[in-house]
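Take a look at the structure below.
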Amino acid sequence: MPLAVLAPVREAVVVATESFFSKGTRCLLIAGFAHLAVIGTAQSQEREPAKATSPGAKTNEYGTPITSAKEKVGLQSIAFRLGLYSKDDSGDGTSAGNPFLDEDLTVIQPSMIMDWGLDDVSALSVTAQYDWVSSASIERLSDRTTFPGTQQSGASGDFYVGLDVAYRRQLNNGMRGGGHVGFGKEYDYLSVGLGGDLAWEGPDRNSTYSASLNGYFDSVDLIRFNGVETGSDNRTSLAGTFKWNRVLDSASSMQLGVTVSNQSGFLGTPYNSVFIDEVGGLREVNEVLPDSRMRYSFYGSYRRWVMEGGAAEIATRVYNDDWGIFGLSLEPRWYQQVGEDLLMRFRYRYYDQSAADSFGLFSAEEPYMTQDSELGDFNSHTVGVRLIGYRDGLQGWDAGLDYVMRSDELDHIVASAGYLWTF
């Protein structure tokens, strides 16, 4: 019979996915257990699209809310996760990403998610996370031998703490709604986020629709590449998502989705710089980017049971924004059941991206300038594997590893592991 990942959407078991949160190129490494989906947005266009659900929303394998699940009163589950993101600037100094700077970056992220049933139709979840960040950029801006006037302490790392509280409720006629509010804080950055979503089933209960609206309101201290503070600025990010999931028959299902987002305010990375190649040599100045951005993402997938214990999936995503970036990804996946208690997921992903209009090499100052590698022209190949273990039919643990090989030689590793206790 088909795997659980091909069951009707009201009964399906989630397969963990990665989502991303951006402050610079930070990666959110929380991967979803069945009812622990986490919202994220990304500065890099290569990242997965943001979840359409509030944190804590009970979801199927595609991240769409399950509308008919009955809540268990009291503590439902506790999950712990540990994530790792490591970007290696291992090029020869002329071809790896930005040729002028070391772009090594490591993020270690522990997190905890707790879920409570308030009554048989509503529940509350709390997500807490901590990020430890080691970055060549942070180390450079605090180097007094390079920048004698720096106002920074000499640290080579940074940290981030975040807390999100989400509420979900089963409504009438097979509908489920939810909302969340949260904040994130580090020494130069404060973010407040809130949002809500609504999900409903089609008349035949083989289709599920969901819509969400989320907003993030950030305050950024402008610490420049030379360690000098130049005040603060604000950033607002709004995103709306619509998804349609459809069980086609007893062996196949599909998903289509669209996300439209708008950002305004300070949209650059404060410590990013641009090198201008002038007659007298290189001159380093601040990165300058537009103060508004419209972003569009269209994605779809098709999954089918192929053989006893095995299912195949093909997914694609098209991205475009008004900064001139166009991105396209294609991702085949294979799911393999191993015995009763283990599911393995293998994936390959190809991604290709054009550069932003403001990206390049410069011989004079221009209105908009960036040499951020995430806004440049590159393609990538990702290979990954994830193991998902079960206890009594419920997901109990998972561990995954992805290796990303980029054409600009900024290869990186994304790894995460977690354990879920259900009560």
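The values are calculated or read from the model by the stated rules, or taken from the named source; none is laboratory data. Bear in mind the structure is a predicted one, so any value in this text is a computation, not a measurement. Because the Cβ atoms are built from the backbone with ideal geometry, glycine has one as well, and the counts that use them run over all protein chains shown. In case anyone asks, the SASA skips ligands and DNA or RNA and just uses the protein heavy atoms, side chains included. Shrake-Rupley method; radii C 1.70, N 1.55, O 1.52, S 1.80 Å.
Quick check on this structure: which one of PHE242, PHE225 is aromatic (Phe, Trp, Tyr) and at pLDDT 95 or above? If you could, list the steps in order and put the result at the bottom.
On the way: PHE225 fails: at pLDDT 95 or above.
Going through PHE242, PHE225 in turn, just one is aromatic (Phe, Trp, Tyr) and at pLDDT 95 or above: PHE242.
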Scan of segment 316-342 for residues that are closer than 25 Å to LEU387 by Cβ, out of contact with any Leu (no Cβ under 7 Å at 6 or more places or on another chain) and buried (at least 19 other Cβ atoms within 10 Å of the Cβ), ordered by number: ARG317, SER329, GLU331, ARG333
Within segment 171-206, tally of residues that are of a type outside the set (A, V, I, L, M, F, W, C), surrounded by fewer than 16 Cβ atoms within 10 Å (Cβ to Cβ) and over 30 Å from LEU101 (Cα atoms): 6
Strands (runs of 3 or more DSSP E) enclosed by segment 364-423 - at least 1 residues per element that are open to solvent by less than 10 Å² (accessible area, probe 1.4 Å) and charged (D, E, K, R): 378-391, 394-406
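Return yes when THR127 is of a type in the set (Val, Ile, Thr) and at pLDDT 85 or above and no when it is not.
Working: of a type in the set (Val, Ile, Thr): yes; at pLDDT 85 or above: yes.
Judged against the criteria, THR127 is a match.
Out of ARG176, ARG169, which single residue is charged (D, E, K, R), in a strand (DSSP E or B) and closer than 29 Å to TRP305 by Cβ?
Numbers: ARG169 fails: closer than 29 Å to TRP305 by Cβ.
Only one candidate passes the filter, namely ARG176.
Residues checked against (1) modelled with pLDDT under 70; (2) assigned to a loop (DSSP other than H, G, I, E, B); (3) farther than 30 Å from GLY376 by Cα:
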site	(1), (2), (3)
GLY91	yes, yes, no
ILE113	no, no, yes
TRP132	no, no, no
ARG140	no, no, no
PRO148	yes, yes, yes
ASP158	no, no, no
Any chance ALA356 is closer than 20 Å to PRO270 by Cα, small (Gly, Ala, Ser) and surrounded by 19 or more Cβ atoms within 10 Å (Cβ to Cβ): yes
Conditions (1) among the hydroxyl-bearing types (Ser, Thr, Tyr); (2) within 30 Å of ASP372 (Cβ to Cβ); (3) open to solvent by less than 20 Å² (accessible area, probe 1.4 Å): number failed by SER210: (2)
Looking only at segment 213-243, and only at residues there that are of a type in the set (Phe, Trp, Tyr) and either touching a Ser or Thr at 6+ places or on another chain (Cβ under 6 Å) or open to solvent by less than 20 Å² (accessible area, probe 1.4 Å) (or both), the one that is nearest to PRO270 (Cα to Cα): PHE225
Of residues in segment 248-278 being farther than 27 Å from GLU103 by Cβ and either touching a helix residue (DSSP H, G or I) at 6+ places or on another chain (Cβ under 8 Å) or at pLDDT below 95 (or both), the one surrounded by the most Cβ atoms within 10 Å (Cβ to Cβ): SER253
